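*Asks:* Take this structure, written in structure tokens, and hold onto it; I'll ask about it next.
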Amino acid sequence: MQRFKKALRIVFRVSVVLILLVILSVLLSNLAVERKSRSLIFNETKAIPRAHVGLLLGTSKYNRNGDPNLFFRYRIEAAASLFKAGKVNYLIVSGDNRTLAYNEPRDMRKALMAKGVPDTAIYMDFAGLRTFDSVLRCREVFGQSSFIIISQRFHLERALFIASSNGIPAVGFAARDVAGDAGWTSGVREMFARSKAVLDVFVLRTKPRFLGDPVQVGKREGTIVMK
């Protein structure tokens, strides 16, 4: 019985130490991401420098309950305002298209066109399976050495950390934040996503899942990338 109690105490102590290490790693990862991206995010079109391309990061058009997703709506508004202000010549909409019924790039393209952005200024990247892939593919596939990333601020911090850590001098344009439960839930998920980003950059040396043939932005042939 004494041995059993002793073993339980050891297991408990080890578990506590592991939990504390996980918490510490998450906190340090978030701190690293915030510090590296803090000065790279702009809220106004007047202040942000011009770039050839804006990279719009994807999200679902609708929430799980079928309601319109405000993250999607506000990102579209931000990207359209950036284009209309003459801050970018083209927009790359990068996201997931996991099924025939779920296609983030096409949804973003339609929404941008409804906001007055011409289809000739929009490039679709169907292989933006996650933020890491979208950012790296913008350089490796679409040939952009620098660009503006468009999303909410909490998301931009991670995207800009990924860009900066891979030698890409990108800046971010912040879409309007979403208040309430949706914003809080996304913030919690983001904390762990940042830890994964730090692992990808410094430990795993992750590469995009798909690359494919180069796409010349500004030349309409081959603008839709599905590889």
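*Asks:* Which members of segment 141-173 meet the condition of being over 22 Å from Arg98 (Cα atoms) and over 13 Å from the mean Cα position of the chain (by Cα)?
*Replies:* Within segment 141-173, Gly143, Gln144, Ser145, Ser146, Phe147, Ser164, Ser165, Asn166, Gly167, Ile168, Pro169 qualify.
*Asks:* I would also like to ask the following. Return the residues of segment 126-135 that are of a type outside the set (Phe, Trp, Tyr) and in contact with a helix residue (DSSP H, G or I) (Cβ under 6 Å, 6 or more places away or on another chain); say none if nothing qualifies.
*Replies:* Passing the criteria: Gly128, Thr131, Val135.
*Asks:* If Arg194 meets every condition in (1) open to solvent by 20 Å² or more (accessible area, probe 1.4 Å); (2) over 22 Å from Gly86 (Cα atoms); (3) touching an Asp or Glu at 6+ places or on another chain (Cβ under 8 Å) apart from one, which number is that one?
*Replies:* Here Arg194 clears every test but (1).
*Asks:* Does any residue in segment 101-123 that is more than 16 Å from Phe71 (Cβ to Cβ) come within less than 6 Å, Cβ to Cβ, of a residue that is among the polar types (S, T, N, Q) six or more places away or on a different chain, and which pairs are these?
*Replies:* These pairs meet every condition: Asn103/Asn97; Tyr123/Thr223.
*Asks:* Let me ask another. Can you pull out every residue in segment 155-191 that is open to solvent by less than 50 Å² (accessible area, probe 1.4 Å), of a type in the set (Gly, Ala, Ser) and part of a loop (DSSP other than H, G, I, E, B)?
*Replies:* The answer is Ala170, and nothing else.
*Asks:* In addition: Determine whether segment 64-82 contains at least one residue that is surrounded by fewer than 15 Cβ atoms within 10 Å (Cβ to Cβ), in contact with a helix residue (DSSP H, G or I) (Cβ under 9 Å, 6 or more places away or on another chain) and not small (Gly, Ala, Ser).
*Replies:* no
The values are calculated or read from the model by the stated rules, or taken from the named source; none is laboratory data. Treat the numbers as computed from the prediction; the structure is a model and nothing was measured. Using ideal geometry, Cβ is built from the backbone for each residue, glycine included, and neighbour counts are taken over all protein chains shown. Ligands, DNA and RNA are stripped out before the accessible areas are found, and what is left, the full protein with its side chains, is counted by its heavy atoms. Shrake-Rupley method; radii C 1.70, N 1.55, O 1.52, S 1.80 Å.
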